[in-house]
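K.L.:
This is the structure, below, for whatever I ask next.
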Amino acid sequence: MIVTLREVAERAGVSRSAVSRTFTEGASVSDKTRRKVQKAADELGYSPNALASSLTTGRTKLIGLVSNNFHNPIFLEVFDLFTKGLQERGLRPLLVNLSDETNPEHSVQMLRQYSVDGVIVASSTLPPSFAKAFRDANVPVVHSFGRHSSTPHVHVVGIDNVECGRMAARTLADRGYTRVAFLGGPKLATSTQDRFTGFMEEIKCHPHIDTTFSYAAQYSFDAGRDEMTRLLSSAPAQAYFCGDDVLSIGALSAIKSAGLSVPADIGLIGLNNMEMARWQNIDLTTIHQPIKQIITSSVELIVAMLADPDRYPEARLFPCHVVERGTLRSVVGQAGE
């Protein structure tokens with residue numbers, strides 16, 4: 001049987017309103033009454049009704065956690081860290097799948113129906129205008145893994161994808177590859193565009209390197225495998241920056257199915273450093289994205305916005321680095337070559 005507020009009030013010898021105030025954040029109640037109510041609640045095993053409390057406070061403590069790519073295993077880690085981080089702050093995550101959603105107004109309308117207190121857009125592919133639609137609707141919002149800007153319209157937490165593209169190109173150049181390629185995710189994704197921009201900017205500094213590029217349909221294993229299978233039917237490059245670990249793993253599968261070897265025949269470098277990238281049968285050289293720090297910072301910002309909705313938008317940028325594993329040949333000039 002569910003213990004009611006009335007039973008707690010009777011056990012504590014106080015009014016029901018006193019019990020209600022005890023469990024309402026910011027409500028006025030004496031320390032003596034609070035102790036009596038808490039003792040009675042513990043003895044009876046009472047837990048306050050969160051939905052009933054929201055009617056009193058006007059706050060649901062619901063935070064919409066919005067994403068649009070459930071095909072990428074990296075989001076298992078992302079959702080795990082986000083839900084834990086929000087729950088530790090006394091907030092309740094509401095996971096929303098926006099796959100194939102292109103109209104931000106529909107998303108704003110849906111999240112308003114749930115009376116969320118704030119929204120975290122966890123996506124590297126959605127444009128800045130998507131998160132801005134929530135801000136324009138006066139919903140506190142943070143765009144995690146969003147496109148970096150020195151003058152953001154909303155809080156943005158993530159990495160410099162342009163610099164990551166440069167980093168990948170430098171890594172391939174250092175290993176003496178003369179025919180390299182960019183294998184990106186969806187062409188319209190902001191992360192794809194920025195990583196491609198950085199990659200091509202750096203390659204121009206190495207005129208002896210020939211470059212090609214192509215795009216997968218989405219950031220997924222199957223899309224990476226399909227695109228690499230197509231590329232192998234002609235004259236593949238010596239090495240690929242796949243722009244994402246899950247694309248890299250799909251490409252690795254296609255290369256091995258074709259009877260070729262990585263890195264002896266074709267080299268690969270990804271981005272994210274997702275957990276399975278370090279598995280022995282994958283052993284992917286990749287660019288580490290500090291996902292935990294990005295998520296922690298995003299949670300801090302959404303909590304701060306709940307207290308101060310007019311907080312000025314800021315961009316928080318975290319550095320990345322290359323994680324050396326086994327899918328690229330050694331740097332030219334290293335001992336033992």
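The values are calculated or read from the model by the stated rules, or taken from the named source; none is laboratory data. Fair warning: this is a prediction, and the values are worked out from it, not measured in the lab. Because the Cβ atoms are built from the backbone with ideal geometry, glycine has one as well, and the counts that use them run over all protein chains shown.
K.L.:
Could you tell me whether any residue of region 326-336 is assigned to a helix (DSSP H, G or I), without any contact (Cβ under 8 Å) to a residue 60 or more places away in the chain and within 23 Å of Arg179 (Cβ to Cβ)? Break it down stepwise before answering.
P.N.:
Pass one, region 326-336, residues assigned to a helix (DSSP H, G or I): none.
No, there is no match, as no residue in region 326-336 is assigned to a helix (DSSP H, G or I), without any contact (Cβ under 8 Å) to a residue 60 or more places away in the chain and within 23 Å of Arg179 (Cβ to Cβ).
K.L.:
Restricting the first residue to region 282-304 and requiring it to be modelled with pLDDT of 95 or more, which pairs with a second residue that is buried (at least 19 other Cβ atoms within 10 Å of the Cβ) and acidic (Asp, Glu) meet a Cβ separation below 7 Å and a spacing of at least six or different chains?
P.N.:
Final answer for the pair search is Leu284/Asp245; Thr286/Asp245.
K.L.:
Quick check on region 238-263: of everything there that is buried (at least 17 other Cβ atoms within 10 Å of the Cβ), small (Gly, Ala, Ser) and within 13 Å of Asp226 (Cβ to Cβ), which residue is farthest from the chain's Cα centre (by Cα)?
P.N.:
Residue satisfying both the conditions and the ranking: Ala254.
K.L.:
Being within 33 Å of the chain's Cα centre (by Cα), under 30 Å from Asp244 (Cβ atoms) and either of a type in the set (Lys, Arg) or modelled with pLDDT under 85 (or both) is the requirement here; does Asn69 meet it?
P.N.:
Numbers: within 33 Å of the chain's Cα centre (by Cα): yes; under 30 Å from Asp244 (Cβ atoms): yes; either of a type in the set (Lys, Arg) or modelled with pLDDT under 85 (or both): yes.
Against the criterion (within 33 Å of the chain's Cα centre (by Cα), under 30 Å from Asp244 (Cβ atoms) and either of a type in the set (Lys, Arg) or modelled with pLDDT under 85 (or both)), Asn69 qualifies.
For every residue, the table says whether it meets (1) of a type in the set (Gly, Ala, Ser); (2) under 23 Å from Gly185 (Cα atoms); (3) assigned to a loop (DSSP other than H, G, I, E, B); (4) out of contact with any strand residue (DSSP E or B) (no Cβ under 8 Å at 6 or more places or on another chain).
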position	(1), (2), (3), (4)
Tyr240	no, yes, no, no
Leu252	no, yes, no, no
Ala264	yes, no, yes, yes
Ile295	no, yes, no, no
Val303	no, no, no, yes
Leu306	no, no, no, no
Tyr312	no, no, yes, yes
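K.L.:
Could you tell me how many of the residues in region 168-205 are surrounded by fewer than 17 Cβ atoms within 10 Å (Cβ to Cβ), modelled with pLDDT of 95 or more and in a loop (DSSP other than H, G, I, E, B)?
P.N.:
Qualifying residue count for the region: 4.
K.L.:
What single numbered condition from (1) under 22 Å from the mean Cα position of the chain (by Cα); (2) loosely packed, with under 13 Cβ neighbours inside 10 Å fails to hold for Asp310?
P.N.:
(1)
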